[in-house]
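Asks: Provided herewith is a single structure, encoded as C-alpha cells, for subsequent inquiry.
The values are calculated or read from the model by the stated rules, or taken from the named source; none is laboratory data. Nothing here was measured: the structure is a model prediction, and the numbers come from that model. As a convention, Cβ positions derive from the backbone with ideal geometry for all residues, glycine included, and neighbour counts pool all protein chains shown.
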Amino acid sequence: MKLLYEGKAKRLYEGKAKRLYETEQPDELLMEFKDDATAFNGEKHAQFENKGRMNQAISLLLMQLLEKQGVPTHFVSTVGNIRTIVKNVEIIKIEVVVRNVAAGSLCGRTWLKEGEALKTPLVEWFLKDDDLEDPMINDDHILEMELATADELAFLKSEALKINEILKPFFLKTGLTLIDFKLEFGRLSTDPSTIILADEISPDTCRLWDVTTGEKMDKDRFRRDLGNVMESYAEVLKRAENAVNS
Ligand code: TMP
Ligand code: ASP
C-alpha cells in the first residue's frame, strides 16, 4: 500500500501528541506519534526524545493483545517506529475513562483518596473538547448532544470494562497496577454503525504504578515534575514486551 506521505500527504489533524494524514486508501489513515507531551489542557508542554517511538510500541503491543481477545481496534500495520496505518474512523467525542483505584481528577471531585481501591471499576465520560477543557458529562448530556445512542453507550461501557479485564491482569503480570486509563472509540468511515477502539493506549493515557514500590510509571511523572519520564516509559515497554513473550 502506498502512502501519500513525505511532503505530499494531506494532514487531516494535529493533536497534542499525534498527527493524522491521508493515505491513498480512503478507508485508512496514517497516525504519527509525536515526541511532545502536554498537560493541563496544553498549559504545560515539553518534548521528550523517543516518546513517540515508545508510545507507538506500547500502544501497538496492547492493541494486538486486545485484538487477540476479541476487541476490534483501528490498528492495521506499522510504518517504522512512529507511524501506524489505522482504519479511518470518525472519533466519537467522548473520552471513556475506566478507574480501578482512585487517583487524579476523581480525588478532586469526590471524597475518595488517592490510592484507595475502588469496590468495582468506574466508567466515566468526558466531553472531548479542548475549549471546554474536557468536562465530565453524563449519559443524558451525551444523548442530548447526540454524541452516541443509548445502545452505543451501553456498548462503549461494556467494551471499556472488557478492555479493563484484559489489561488489568496483563499489567499485573508486568508488576504494574492499572490505576486508570482513557479510551477513545470511532465509527468506521466505511460503516458508521461499527464502532471500534481507536487512538492510543500508552503511559500518556494510563496511570500505572509499580506493584511493590507504588512508584508512578506514567505521564503523572511529567504532570507532577517527578523526573525520569522517559526512563519510566522505557521500563513499561520493557516489562510489557517481556510479559507478552513469556
Ligand atoms: P483524570 O484523573 O485526570 O481524569 O485522568 C484519568 C485518566 O485519563 C488517566 O489515566 C489519564 C487519562 N487522561 C488522558 O488520557 N487524557 C487527558 O486529557 C486526561 C485529562 C486524562
Ligand atoms: N492531554 C491533556 C493535555 O494536554 C491533559 C493530560 O493528559 O493531563 O493537556
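Asks: Of the residues that sit in segment 131-149 and are within 16 Å of ligand 2 (Cβ to nearest atom) and surrounded by fewer than 11 Cβ atoms within 10 Å (Cβ to Cβ), which one is nearest to Leu197 (Cα to Cα)?
Replies: Start the filter on segment 131-149 by keeping residues that are within 16 Å of ligand 2 (Cβ to nearest atom), which leaves 131-136.
Applying the additional criterion that residues be surrounded by fewer than 11 Cβ atoms within 10 Å (Cβ to Cβ) yields 131, 135.
Details: Asp131: 24, Pro135: 21 Å.
Ranking the candidates gives Pro135 first.
Asks: Next question. When segment 202-241 is examined, which residues are found to be closer than 12 Å to Leu178 by Cα and of a type outside the set (D, E, K, R)?
Replies: Within segment 202-241, Ser202, Pro203, Thr205, Cys206, Leu208, Trp209, Val211, Gly214, Met217, Val236 qualify.
Asks: Select from segment 199-227 the residues that are within 16 Å of ligand 2 (Cβ to nearest atom) and not in a loop (DSSP other than H, G, I, E, B) and list them in ascending order. Don't jump to the end; show me each part of the working.
Replies: Here is the first cut: in segment 199-227, the ones within 16 Å of ligand 2 (Cβ to nearest atom) are 199-208, 216-226.
Cys206, Arg207, Leu208, Lys216, Asp220, Arg221, Phe222, Arg223, listed by residue number.
Asks: Answer yes or no: is there a residue in segment 86-105 that is more than 30 Å from Ala154 (Cβ to Cβ) and not basic (Lys, Arg). It would help to see each step written out before you state the result.
Replies: The initial filter retains those residues of segment 86-105 that are more than 30 Å from Ala154 (Cβ to Cβ), namely none.
No; the residues of segment 86-105 include none that is more than 30 Å from Ala154 (Cβ to Cβ) and not basic (Lys, Arg).
Asks: Now for a different question. Return the total of residues in segment 89-113 being touching a residue at least 40 places away in the same chain (Cβ under 8 Å), of a type in the set (A, V, I, L, M), touching a helix residue (DSSP H, G or I) at 6+ places or on another chain (Cβ under 8 Å) and away from ligand 2 (no atom under 16 Å from the Cβ).
Replies: Total satisfying the criteria: 1.
Asks: Considering only segment 114-130, state which residues are of a type in the set (A, V, I, L, M) and within 16 Å of ligand 2 (Cβ to nearest atom). Can you show your working first?
Replies: Initial filter on segment 114-130 (of a type in the set (A, V, I, L, M)): 117-118, 122-123, 127.
The one that is of a type in the set (A, V, I, L, M) and within 16 Å of ligand 2 (Cβ to nearest atom): Leu127.
Asks: Same structure again: Working only within segment 108-127, note down all residues that are within 9 Å of ligand 1 (Cβ to nearest atom) and either surrounded by 17 or more Cβ atoms within 10 Å (Cβ to Cβ) or within 27 Å of Ala198 (Cα to Cα) (or both).
Replies: Residues satisfying the conditions are Glu124, Phe126.
Asks: In this structure, is Thr213 away from ligand 1 (no atom under 16 Å from the Cβ) and in contact (Cβ under 8 Å) with a residue 24 or more places away in the chain?
Replies: Details: away from ligand 1 (no atom under 16 Å from the Cβ): yes; in contact (Cβ under 8 Å) with a residue 24 or more places away in the chain: no.
Answer is no for this residue.
Asks: Taking Ile201 as the residue in question, decide whether it is surrounded by 18 or more Cβ atoms within 10 Å (Cβ to Cβ), under 18 Å from the mean Cα position of the chain (by Cα), more than 16 Å from ligand 1 (Cβ to nearest atom) and within 30 Å of Gln25 (Cβ to Cβ). Please lay out each step first, then the result.
Replies: On the way: surrounded by 18 or more Cβ atoms within 10 Å (Cβ to Cβ): yes; under 18 Å from the mean Cα position of the chain (by Cα): yes; more than 16 Å from ligand 1 (Cβ to nearest atom): no; within 30 Å of Gln25 (Cβ to Cβ): yes.
Taking the combined requirement at face value, the residue does not satisfy it.
Asks: I'd like the full set of residues that are in contact with a Gly (Cβ under 7 Å, 6 or more places away or on another chain) and under 25 Å from Phe75 (Cα atoms), limited to segment 208-236.
Replies: None - no residue of segment 208-236 is in contact with a Gly (Cβ under 7 Å, 6 or more places away or on another chain) and under 25 Å from Phe75 (Cα atoms), so the list stays empty.
Asks: Which residues, counting only those in segment 33-58, are touching a strand residue (DSSP E or B) at 6+ places or on another chain (Cβ under 8 Å) and buried (at least 20 other Cβ atoms within 10 Å of the Cβ)?
Replies: Phe33, Ala37, Lys51, Gly52, Asn55, Gln56 - these are the residues of segment 33-58 that are touching a strand residue (DSSP E or B) at 6+ places or on another chain (Cβ under 8 Å) and buried (at least 20 other Cβ atoms within 10 Å of the Cβ).
Asks: Report yes if Ile179 is within 16 Å of ligand 2 (Cβ to nearest atom), closer than 22 Å to Cys107 by Cβ, hydrophobic (A, V, I, L, M, F, W, C) and not in a helix (DSSP H, G or I), otherwise no.
Replies: Numbers: within 16 Å of ligand 2 (Cβ to nearest atom): yes; closer than 22 Å to Cys107 by Cβ: yes; hydrophobic (A, V, I, L, M, F, W, C): yes; not in a helix (DSSP H, G or I): yes.
Criteria met by Ile179.
Asks: OK, next. Pick from Glu152, Glu159: which is more than 11 Å from ligand 1 (Cβ to nearest atom), crowded, with 17+ Cβ neighbours inside 10 Å, under 16 Å from the mean Cα position of the chain (by Cα) and in contact (Cβ under 8 Å) with a residue 40 or more places away in the chain?
Replies: Numbers: Glu152 fails: under 16 Å from the mean Cα position of the chain (by Cα).
After ruling out the rest, the residue left standing is Glu159.
Asks: List, please: which pairs have Cβ atoms under 9 Å, are six or more places apart or on different chains, and start with a residue in segment 39-57 that is within 15 Å of ligand 2 (Cβ to nearest atom) and end with one that is among the aromatic types (Phe, Trp, Tyr) and in a helix (DSSP H, G or I)?
Replies: Ala39/Phe222; Lys44/Phe222; Ala46/Phe222; Phe48/Phe222; Phe48/Tyr233; Lys51/Tyr233; Asn55/Tyr233
Asks: Cβ-Cβ under 7 Å, sequence separation 6+ or interchain: first residue in segment 114-134 and modelled with pLDDT of 95 or more, partner among the small types (Gly, Ala, Ser) and more than 10 Å from ligand 1 (Cβ to nearest atom). Which pairs?
Replies: The qualifying pairs are Val123/Ala160.
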